[in-house]
Each structure stands twice: as C-alpha cells, then as structure tokens.
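Undergrad: Dropping the structure in here first, questions after.
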Amino acid sequence: MFYSSGKRYGLESGCVSLHVNQARANLEALGSQAGATYQAASVKPVEIGFSGVGNTCGATGGVAVAIAGIADSLHEELRTFLRTFGSRLEAKEAALTVACERVTANSDQNLSDLARRLDARVSEQAHRTSLEHNAAVEALRASISDLRDQVAAGHMRVESLAAGDDWTRQLREATSALEHKISSRLDTVERQVAEGRAVEASRHRAFQDGLSKRCEAIEQRMSKRFGDSDAVLEQVTRMMPDIERVQELCSRVQADRAAAETWQRRLAACEGTPQRMAALEARLDGTERQTERVLGEHTQALRESQHAAGLLAARTSTL
C-alpha cells in the first residue's frame, strides 16, 4: 500500500513537472513569435513608406495584447492546476497519516495479544511445575510417615522383648533389613529427583528457545515495518514541498519507534521468565535438602534405637 501511494505521488509529481515544462515551452514559443512579428512589423514600414507606420503600430499592439492574454490564461491555468494538485497532496497526506495510525494500532494490538499469551503460558507452566512439585513432596511425606510407623513398630518390638531370650541375631537381621529398605528408598528418591530435574531442564530449554525465536520474529517484523515507513517517509519528503508537514510526520514516526522500543522492553521483561524458573528450581533444591536432613534425623534416631536395643540386649544377657 505504501509503495503504491509513493508510486502515485511520483506519477503526479511527474505530471506537474511535465505541465510546467510544457507551459514554459509555450511561453517561450509565444515570446519568439512575438519577437519575430515585432521585427517584421518594424521592417515593413521602411519598405512601404512612411504612410504605413500607423497600421504597423496598431498590428504590433494587437499582437502584444493577444500574447499577454494567452500568457495570463496560461498562468491562470497553471495556478488552478497547482491548487488542484496541492489539494490532492493534502488528501494523500491525510490518507497516509490514517494508514500509519492504523498500522501502529494493529502492531500495538498484536504485541499486546502476544504479551498476554506469553503471560498465560508462563502462568500455566508455573502452575504445572508447582503441581508436580507438590505431588513429589506428598509422595515423599507418605514414605516418611511409613518410615516413622516402621520405626515406632521397631521400638514397640524392642520394648516388648522378654528377658533371657537371645534377640541379637533377630535384631541384627531387622537392622540390616531396615537399613537396606532405607537405602533403597533414598536411591529411589534421588533417582526421581534427578529425573525430575532433567525433565524440568529440557522443558525450560525448549520454552526458552521458543520464546527467543518468537522475540526474533517480532523484531524482524517490526524492523521490516519501520523500514517500509522510512522508505515512504523519504519519498514523501522528496515530493512534498512543505517542510513542516514532513517534520510532523518524522515526529510521529519517532513516536512510533518509541512505542516499539517500549514493547521491546516489555518483551525483555517477559524474557525474565527463566529467572522465575531458576527460583523454582532453587526452591526444589531447598526442599530436597530439607528432605535429606529429615531422613538423616530419622536415621540418627534409628541408630540411637539400635544402640538402646544393644544395651538392652547386653543387660538381658547379663541377667
């Protein structure tokens, strides 16, 4: 659309220059004809004598009046054409302004829609990650509660031992079985955490790559649009004689560029989403460390119970 408008402006300016050149050529031709007529009229009285001087002067005055009338009509026609062309230029300028405003509104709407979709996608991803993290934490809590129940059952069994019975072998077997179960549980939890980290890292990379590609596509589209606007502005600057209107259009284009830079800053703020994902990963690491600390405390309690059971077994053996 901008290219066709510039093309029409070029054709109209060419027509104007053609008409102006034609008018100048007509004026020069009329001037040359008037000069030739004047020279012929000035020579003719010498040939025919003194009696024809009055007629020659009258013919010369009539030719001059005719030439002046033709020149005035040509000037009037040229002024009319220039006024018509000026009104056309004003109409084209208004149409170009409306088109620029429409393009700006469409670009702003597209950028706002894209930002809204990106925010919704980020919120959905964060919600999904929090749900998965909560599910893993619930499973870990369930395993810890089972472990606590087993430890309580072991305490009850130790307290219910009868004096004189040899429980050393059974206690050793129970201790080894419990240690094996705890180690297997810990290995399972560590493997699940590692798998979750790998999946989350792959999702994060895919999301970041997609976001960077979209941002590059948006930047290319915006640069292309502003390149077209610069080309149209340059054509209008060459064709339009009014410098103030050109400066007004330049100020509007600069305002559009400022709006585009504002949206680019918003897109850069949207690119800060990986930092949020890093914060979520840090929270997940903190939860894992807390889980390991709780498991260590339970392991320490189990060792203390084993030590108490050993003391009890020693006392029973001495009795």
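Undergrad: Would you check which residues across region 136-151 are closer than 16 Å to Thr175 by Cα and surrounded by fewer than 11 Cβ atoms within 10 Å (Cβ to Cβ) and list them?
TA: Across region 136-151, the qualifying residue is only Asp149.
Undergrad: Looking at Arg117, Arg121 in this structure, which one is surrounded by 13 or more Cβ atoms within 10 Å (Cβ to Cβ) and at pLDDT 85 or above?
TA: Exactly one of Arg117, Arg121 is surrounded by 13 or more Cβ atoms within 10 Å (Cβ to Cβ) and at pLDDT 85 or above, namely Arg121.
Undergrad: Here's another thing I want to ask about it. Looking at Ala139, Ala162, which one is modelled with pLDDT of 80 or more and more than 30 Å from Ala258 (Cα to Cα)?
TA: The conditions single out Ala139.
The values are calculated or read from the model by the stated rules, or taken from the named source; none is laboratory data. Everything quoted here is computed from the prediction, not taken from an experiment. Backbone-built Cβ (ideal geometry, glycine too); neighbour counts: all protein chains shown.
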